[in-house]
Amino acid sequence: MQGFEIEALSRSDADLRDGAACGDKIASSDADMVINAAAYTAVDAAEDDRETAFAINGNAPGHMARAAKTAGLPFVHISTDYVFDGSGSGAWAPEDSPNPQSVYGASKLAGEREIQAACGKFTILRTSWVFSPYGQNFVKTMLRLAETRDKLTVVADQVGGPTPAKDIANTCLALGSALVGGKTAMDHIYHLSGAPNVSWADFARAIFRQRGLDIEVENIPSSAYPTSAVRPSNSRLDCSSLLRDIGRGHADWHLALTQMLRESED
């Protein structure tokens, strides 16, 4: 999106383990809006590092939201499908009752509730299965494994919408702009995910197909790939309210995947 000057803070600028310092950073800022795109996302490590996960995902967003309220700034915060228990097969709506099954999910829900309790001008954007050319994500992991293997076993009983990070960024800017301009209601929770919904195994097949790799993908159940943290089996998200309010809905992850793979080859 055009017309924005972004000040991206590093950990040395604002360490989320120190929520009060992050709040002070906002209080002294001349920004027009605040977007919290940072989080403790090591889902399995969080099971043994609850204190840090809650400090970063729960406590820090509360400090930031309170500071944003005092400064009169809109606050946009990214959350996750992990706040739900992953049951059923229907798409989770923003108003559905959370029931996290992991420390990571519980810490993110704590952050949501801290933001809501601050009673400022905020929007929470829950998303899922994020991928991009940067950082660590499922697409990059599959491509790395394909360098040395011709067959992979991938979980097939977890379903969700792979979401391009670029679409999340643009949606956060759009939500912040709508709050600044009074074009959308305050204190909303929205959902954003890619479409169509797919299993991890079928997402892997799409990655290899687009890259032109002859890699066999074998479906396995989650029980065959045990992890410290419980993953939601159903990460489908209902994005209809986001489409209604700001005209942004499900992103086509096929197109974003094509662009990502093209960029990685340049």
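Observations on the structure shown:
- Unique residue being hydroxyl-bearing (Ser, Thr, Tyr), assigned to a strand (DSSP E or B) and out of contact with any Phe, Trp or Tyr (no Cβ under 8 Å at 6 or more places or on another chain) when the list is SER79, SER89, SER97: SER79
- For segment 2-20, the criterion of being under 19 Å from THR127 (Cα atoms), of a type in the set (Gly, Ala, Ser) and assigned to a loop (DSSP other than H, G, I, E, B) is met by no residue.
- Filter result for GLN116 (of a type in the set (S, T, N, Q) and modelled with pLDDT of 95 or more): yes
- Note on segment 138-155: among residues that are under 22 Å from the mean Cα position of the chain (by Cα) and touching a residue at least 24 places away in the same chain (Cβ under 8 Å), the one that is nearest to PRO226 (Cα to Cα) is VAL155.
- Complete set of residues in segment 130-142 that are open to solvent by 30 Å² or more (accessible area, probe 1.4 Å) and at pLDDT 95 or above: VAL130, PHE138, LYS140, THR141
- Being in a loop (DSSP other than H, G, I, E, B) and modelled with pLDDT of 95 or more is not true of SER29.
- Segments classed as helices (runs of 4 or more DSSP H), wholly inside segment 157-266, with at least 1 members that are surrounded by fewer than 17 Cβ atoms within 10 Å (Cβ to Cβ) and under 17 Å from the mean Cα position of the chain (by Cα): 165-180
- Options SER264, SER222, SER177, SER235; residue that is under 20 Å from LYS108 (Cα atoms) and touching a residue at least 24 places away in the same chain (Cβ under 8 Å): SER235
- Residues within segment 26-41 that are without any contact (Cβ under 8 Å) to a residue 40 or more places away in the chain and surrounded by fewer than 16 Cβ atoms within 10 Å (Cβ to Cβ), tallied: 2
- SER12 vs. criteria open to solvent by 80 Å² or more (accessible area, probe 1.4 Å) and either touching a strand residue (DSSP E or B) at 6+ places or on another chain (Cβ under 9 Å) or not acidic (Asp, Glu) (or both): yes
The values are calculated or read from the model by the stated rules, or taken from the named source; none is laboratory data. All values reported here derive from a predicted model rather than from experimental measurement. Note that we place each Cβ from the backbone using ideal geometry, even for glycine, and neighbour counts take in every protein chain shown. With ligands, DNA and RNA removed, areas are computed over all heavy atoms of the protein, side chains included. Shrake-Rupley method; radii C 1.70, N 1.55, O 1.52, S 1.80 Å.
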